[in-house]
Amino acid sequence: MHVVQALVSLNLGGSELVATELTEYLAATGHRVTVIAANGPLAPRVSAAGAAHLDWPIGRKRLATLAYVRRLAEWLNAEQPDVLHVHSRLPAWICLLALRRLSPERRPAFVTSMHGHYSVNRYSAVMARGDRVIAVSDHIREYTLRNYPMARAADVITVHGGTSAAQFPYGHRPDAVWWAQTLGEFPELEGKRIICLPGRLSRYKGHADFIELVAALAGEFPDIHGVVVGKARPGSRYRSELEGLAGRLGVLDRVTFTGARLDMRDWLAASEIVYSLCSDPPEAFGRTVPEALHLGVRVIGWDHGGVQEVLAGMFPEGAVPPDDPAALLDRTRAFLRDPPPVPPSDAFGLDESMRRTCAVYRALRPDPNDEAPR
């Protein structure tokens, strides 16, 4: 089977990581894979997997991007892949317009992934127009069916994200080298109990709630230190706002912003508690939640959206009522005083997620020589 993964870029992000993991899995199981996306930090993983990478910026929001419609149509007509799987909106439009230039018998199956709460309009509706639509959680499946009437229930399939047991082994803790490098960069973390909010700096991610939580804990737990792990736009005004809030609350020296990191596993493992505090909209899936739990690290999150599904299956103790700062503070205090164990779990595993996605492909393009899903 020849599968094409199409997305904006190979930068760090949830949809980008899913596409990269699919690329690695498909290549490792004997399939041909081509990734169409602008270059980025994940490109070496694509190349190491043995996949082809077309460095085409089909997600760049400029008029010149439309030139890729013809280029892509010609490439698809020549290569005749079996499946074209798109992970974001502008690439989906470029792909759909390219497919319309092909005769029906030469078109690959068109698969889209709903990675989040896309705005409800004609532009976003392209993500609900796949031959199959993969939703990253039951919550997103319901959102898709409620807001995009062109999507048929039978064609919208939930495939939760998955965590690699090899990359996030239970009980893993950062080694001495990581700690030495980290403390060299962030000396304020020396001897501190870290609580962590992973995720890019975006207003709905709950950073203000997290900083207010650090301030509320400061008097009772003087060694607590909040770490925000995630990318901010250059010159981000939002980061300045958050630093201003921390300053007003007297905890500017208790909050560290690391920026984008490739060592997320060790930041999660170094933390006593990891948080997921997306408010409106809720987190579509929240991959750092199962990643932390697979490591054996406690997670506290608002009990809604995709995070609700993960916590219910792996660590119900971590669920708190959405947008309830008092409940968040009480649960955090309880975890810091008497940390509950996180049991090992096979839930939300990467292999299962990959196999279910491949089953979607096979249903659209059966191959008698292909191994049946295990």
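When the Cα gyration tensor is reduced to axis lengths a ≥ b ≥ c, the ratio a/c stays below 1.5 for the range 176-337, which is therefore classed as rounded.
Among D155, D338, D253, the largest mean-square fluctuation in a Gaussian network model of the chain (Cα springs under 10 Å) belongs to D338. To the nearest 500 deg cm²/dmol, what mean residue ellipticity at 222 nm is calculated for the chain from DSSP H runs of n ≥ 4 alone, each contributing -39,500 (n - 2.57), summed and divided by the residues? For the chain, the value works out to -11500 deg cm²/dmol.
The DSSP beta bridges internal to the chain are antiparallel in roughly 0% of cases.
Determine, from the Cβ-Cβ distance of A312 and R261 and an R0 of 30 Å, the FRET efficiency 1/(1 + (r/R0)^6), rounded to the nearest 0.05. The calculated FRET efficiency here is 0.60.
If you take the square roots of the eigenvalues of the alpha-carbon gyration tensor of the chain and sort them as a ≥ b ≥ c, do you get rounded (a/c under 1.5), prolate (a/b over b/c) or oblate? Prolate shape, in that a/c is at least 1.5 and a/b is the bigger ratio. Under 17 Å from a label point set 7 Å out along the Cα-to-Cβ vector of F186, the amide N atoms of the range 269-293 belong to 269-277, 288-289, 292.
Reducing the range 292-368 and the range 1-52 to their Cα centroids gives an inter-centroid distance of 25 Å.
Residues in the range 107-112 carry Karplus couplings, in order, of 7, x, 4, 10, 10, 10 Hz; the curve used is 6.51 cos²θ - 1.76 cosθ + 1.60 with θ = phi - 60°, and Gly or Pro positions show x. Each of the peptides 175-185, 53-63, 137-147 was scored by the mean count of other Cβ atoms within 10 Å over its residues; in descending order, highest first, they stand as 137-147, 53-63, 175-185.
For the chain, the relative contact order works out to 14 percent when only alpha carbon pairs closer than 8 Å and six or more residues apart are counted.
Highest GNM mean-square fluctuation among P174, P104, P149, for the chain modelled with Cα contacts below 10 Å: P104.
A straight Cα-to-Cα reach below 29 Å connects K192 with the lysines K205, K231, residues fewer than 8 places away in its own chain not being considered.
Every number here is computed from the coordinates shown, using simple stated rules; none is lab data. Given the structure is predicted, the values throughout are model-derived calculations rather than measurements. A quick note on method: Cβ atoms are made from the backbone with ideal geometry, for glycine too, and the neighbour counts reach across all protein chains shown.
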